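**Student:** Quick one: the structure is below, and I'll ask about it shortly.
The values are calculated or read from the model by the stated rules, or taken from the named source; none is laboratory data. Nothing here was measured: the structure is a model prediction, and the numbers come from that model. Methodologically, a virtual Cβ is constructed for each residue, glycine included, from the backbone with ideal geometry; neighbour enumeration extends over all protein chains shown.
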Amino acid sequence: MAAYAPGIDEVFRALADPGRRRLLDSLNVRSGQTLRELCANMDMARQSVSKHLAVLEAAGLLTTVWRGREKLHYLNPAPIGEISERWINRYDRGRVSALADLKRALEEHPRGEAPVRLQRLHPDHA
């Protein structure tokens, strides 16, 4: 069984909500926004945005810094990178390898010379 980084469930829960994903998209465009700036792009009450930001911060998807009386919100892409490495890149490696093998087989045996046997890919075999 694969070992998961602590908090990975919280990251998935945080990403499951479309409103929180929109907040992350906004921070990806311009990190370091205040609550007021983030609320301007959202169709929800300020209190709801604050609650969503708290969930994102608890999941480690954003960090905050106080600048005087303003709290700035910054995107932390590290947890998303960990998800990408564990859940996306792992499966892509097998597909890329299979495509490279197919290319090599086709180049070594031009059309009609020898049949190319393809093996069905399964994520467990990647």
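**Student:** List every residue pair whose Cβ atoms lie under 9 Å apart, where the two residues are 6 or more positions apart in sequence or sit on different chains, the first residue falls within the range 82-111 and is farther than 25 Å from LEU61 by Cβ, and the second residue, located anywhere, is among the small types (Gly, Ala, Ser).
**Tutor:** Every condition considered, the pairs that remain are ARG93/ALA126; GLY94/ALA126; ARG95/ALA126; SER97/ALA126; ALA98/ALA126; ALA105/ALA114; GLU108/ALA114.
**Student:** Now a separate question. Return the residue satisfying two criteria in turn: it lies in the range 63-89 and is out of contact with any Leu (no Cβ under 7 Å at 6 or more places or on another chain) and of a type in the set (Ser, Thr, Tyr), and of such residues it is farthest from LEU23 (Cα to Cα).
**Tutor:** Step by step, filter the range 63-89, then rank; the result is SER84.
**Student:** Looking only at the range 18-25, decide whether some residue is touching a helix residue (DSSP H, G or I) at 6+ places or on another chain (Cβ under 9 Å) and exposed (fewer than 13 other Cβ atoms within 10 Å of the Cβ).
**Tutor:** Checking the range 18-25: not a single residue is touching a helix residue (DSSP H, G or I) at 6+ places or on another chain (Cβ under 9 Å) and exposed (fewer than 13 other Cβ atoms within 10 Å of the Cβ).
Conditions (1) modelled with pLDDT under 80; (2) in contact with a strand residue (DSSP E or B) (Cβ under 8 Å, 6 or more places away or on another chain), marked per residue:
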position: SER50; (1), (2): no, no
position: THR63; (1), (2): no, yes
position: LYS71; (1), (2): no, yes
position: ASN76; (1), (2): no, yes
position: ILE83; (1), (2): no, no
position: ARG90; (1), (2): yes, no
position: VAL96; (1), (2): yes, no
position: ALA126; (1), (2): yes, no
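**Student:** Considering only residues of the range 32-62 that are closer than 14 Å to ARG20 by Cβ and in contact with a His (Cβ under 9 Å, 6 or more places away or on another chain), which is surrounded by the fewest Cβ atoms within 10 Å (Cβ to Cβ)?
**Tutor:** MET44
**Student:** Say we look at the range 11-52 and pick out the residues that are touching a residue at least 12 places away in the same chain (Cβ under 8 Å) and not in a helix (DSSP H, G or I); which of these is farthest from PRO79 (Cα to Cα)?
**Tutor:** Per the criteria, the residue is MET44.
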